[in-house]
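Novice: I have a structure I would like to understand better, so I am pasting it below and will then ask my questions one at a time.
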Amino acid sequence: MNLLEEEIPVSAERESCSLENYLALPDRSMDDRIADARRKLGRSTILLGHHYQRDEVIRFTDFTGDSYKLSKAAAQTDARYIVFCGVHFMAESADVLAHEGQQVLLPDLNAGCSMADMAEIGQVEECWENLLDAGIAEDEILPLTYMNSSAAIKAFCGERGGLVCTSSNARAAFEWAFARAKKILFLPDQHLGRNTGRALGFPLGDMVVYDPWQIGGGFSAERFRSAKVILWKGHCSVHQRFLPEHVDKVRSKVPGVQVIVHPECRLEVCEKADALGSTERLIRLVEQAPEGSAFAIGTEIHLVNRLAKQYAPLGKKIVTLDDTGCLCTTMYRISPQHLAWTLENLVEGRVVNRIQVCDDVKYWARVALDRMLEVRG
Ligand code: 13P
Ligand code: SF4
């Protein structure tokens with residue numbers, strides 16, 4: 001059966017159940033309601049969950065993954081409704097990759113990403129003009145954007161021959177771009193860009209940070225012309241909190257510990273770590289390690305705590321790299337109450353919090369995302 005045809009009847013005359021009524025209720029009281037709505041919706045609806053989601057939400061998802069895996073799942077499912085338990089840029093990408101007739105819902109529209117907000121399309125267009133004015137020829141440079149960016153920025157890259165990457169294929173995306181151009185503009189995470197550039201052997205002198213808040217990006221035309229990798233001045237406020245001294249401290253406290261971190265961490269942390277990886281890779285490293293292994297993980301606290309709980313019975317010790325714990329407050333916005341509200345509205349035939357990318361942006365964003373899916377990590 002084509003699940004796209006399994007549409008839920010829309011009862012236009014009824015108003016959506018008020019979210020406020022849900023928010024006043026305790027988390028656990030949502031469990032039965034979510035499970036019940038999930039059953040009623042059947043295969044018309046798929047729930048995708050990023051690894052940073054809380055346990056109370058992730059336990060109901062059909063599919064979990066890092067940004068790359070979730071985009072693939074969104075592109076491949078034939079469910080009519082894709083409920084994205086993640087953040088706004090992920091839901092936007094799912095909408096871009098979705099087939100005709102599919103709808104993407106984000107249970108809380110406030111679930112954004114502070115890093116994605118650090119690059120606005122107008123600033124990126126101005127940056128591009130500045131780089132061309134600095135004497136960089138258009139066929140000399142390709143724009144690449146991290147998945148954590150708006151659909152408009154993805155479209156900007158697609159239209160200029162560039163692509164999107166995630167932390168799991170950033171290196172392959174850089175190689176793809178350098179096979180086609182002499183320079184890249186990497187948006188918006190300076191740390192992922194710098195870490196990837198270093199992994200490919202570029203000295204720090206070959207990289208320069210473009211600051212959208214400074215006139216002309218903050219450096220001379222000559223400096224931009226001489227750089228191979230132009231990084232955008234953006235970062236993840238969660239991962240930037242991990243410091244090199246945390247690595248030293250945990251090594252002195254936990255004998256034999258392996259430090260594994262997400263490449264959104266700063267270079268000084270990544271250089272000290274034993275391994276780097278997307279959330280999916282971090283999970284795999286823990287999974288594949290022998291009993292008795294110990295890990296300090298530099299990434300979002302919900303994933304670290306979940307791994308610690310899951311692997312303690314298997315004799316693996318997992319701690320967070322920074323013991324104050326790093327929480328992604330925007331991922332945390334997807335609560336069981338928001339999920340229950342979204343699903344129960346769907347059961348009643350109402351689509352709430354739909355994420356819809358406009359058609360002109362969609363075309364080129366899709367080109368850039370399709371290139372990403374072709375470039376394996
Ligand atoms: P992953 O693609 O590794 O899951 O990362 C997404 C993200 O936002 C990390 O902060
Ligand atoms: Fe954005 Fe950082 Fe949260 Fe990832 S962890 S969604 S990059 S704010």
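Novice: Give 154/316; 272/362; 249/309; 228/272; 40/317; 72/272 a once-over and call out the pairs whose C-alpha atoms are over 29 Å from each other.
Specialist: Details: 154/316 39 Å; 272/362 40 Å; 249/309 22 Å; 228/272 25 Å; 40/317 40 Å; 72/272 32 Å.
As for pairs spanning more than 29 Å Cα to Cα, those are 154/316; 272/362; 40/317; 72/272.
Novice: Averaged over every viewing direction, what's the projected area of the C-alpha convex hull for the stretch 133-284? Give it in nm², one decimal, please. Don't skip to the end; give the middle numbers.
Specialist: On the way: hull surface 38.8 nm².
Its average projected convex-hull area is 9.7 nm².
Novice: Further question on the same structure: Are there GluC sites (Glu not before Pro) in the stretch 279-377 that DSSP marks as loop and that have at most 11 other Cβ atoms within 10 Å, and which are they? Write out the running numbers ahead of the final one.
Specialist: On the way: sites: 280, 287, 291, 300, 344, 348, 374; in loops: 291, 300, 348.
Listed in order of number, the matching sites are 291.
Novice: 5 Å is the cut-off here: which amide hydrogens, built 1.01 Å from N in the peptide plane, fall below it relative to residue 276, excluding neighbours closer than 5 in sequence?
Specialist: For residue 276, the qualifying residues are 261.
Novice: Explain nothing, just the number: relative contact order of the chain, from Cα pairs under 8 Å at least 6 residues apart, as a whole percent.
Specialist: Numbers: 755 pairs, mean separation 92.0, N = 377.
For the chain, the relative contact order is 24 percent.
Novice: Further question: Mind listing the phi-derived Karplus ³J(HN,Hα) values for the stretch 91-98, rounded to whole Hz, using 6.51, -1.76 and 1.60 with θ = phi - 60°, and x for any glycine or proline?
Specialist: Residue by residue, the stretch 91-98 yields 5, 4, 5, 4, 5, 5, 8, 5 Hz.
Novice: Right, another one. Let me have the 222 nm mean residue ellipticity of the chain computed from DSSP H runs of 4+ only, each contributing -39500 (n - 2.57), with the sum over all residues rounded to the nearest 500. Walk me through the numbers on the way to the answer.
Specialist: Details: 16 runs with 152 residues, N = 377.
Helix-only estimate at 222 nm: -11500 deg cm²/dmol.
Novice: Work out, step by step, the length gained on full extension between residue 376 and residue 39: first 0.36 nm times the residue separation, then minus their alpha carbon distance; give nm to one decimal. All intermediate terms of the calculation are to be shown ahead of the outcome.
Specialist: Numbers: separation 337, 0.36 × 337 = 121.32 nm, distance 3.49 nm.
Gain in length upon complete extension: 117.8 nm.
Novice: Per residue of the stretch 235-242, what does 6.51 cos²θ - 1.76 cosθ + 1.60 with θ = phi - 60° give for ³J(HN,Hα)? Whole Hz please, x for Gly and Pro, Karplus curve as stated.
Specialist: My calculation for the stretch 235-242 gives 7, 8, 5, 6, 6, 5, 6, 6 Hz in order.
Novice: Looking at the calculated P(r) for the chain, what percent of the C-alpha pair distances fall above 38 Å? Walk me through the numbers on the way to the answer.
Specialist: On the way: 15010 of 70876 pairs.
The answer is 21 percent, as a whole percent.
Novice: How high is the relative contact order of the stretch 239-354, in percent, counting Cα pairs under 8 Å that sit 6 or more residues apart? Mind showing how you got there, number by number?
Specialist: Details: 154 pairs, mean separation 26.1, N = 116.
Here the relative contact order equals 23 percent.
Novice: Going by Cα centres, the stretch 231-304 and the stretch 308-377 are how many Å apart?
Specialist: Answer, in whole Å: 20.
Every read-out reported here was derived from the displayed coordinates using simple, explicitly stated rules and does not represent laboratory data. All of these numbers come straight from a predicted model, not from anything done at the bench. Note: ideal-geometry Cβ built from the backbone for every residue, glycine included; neighbour counts use all protein chains shown.
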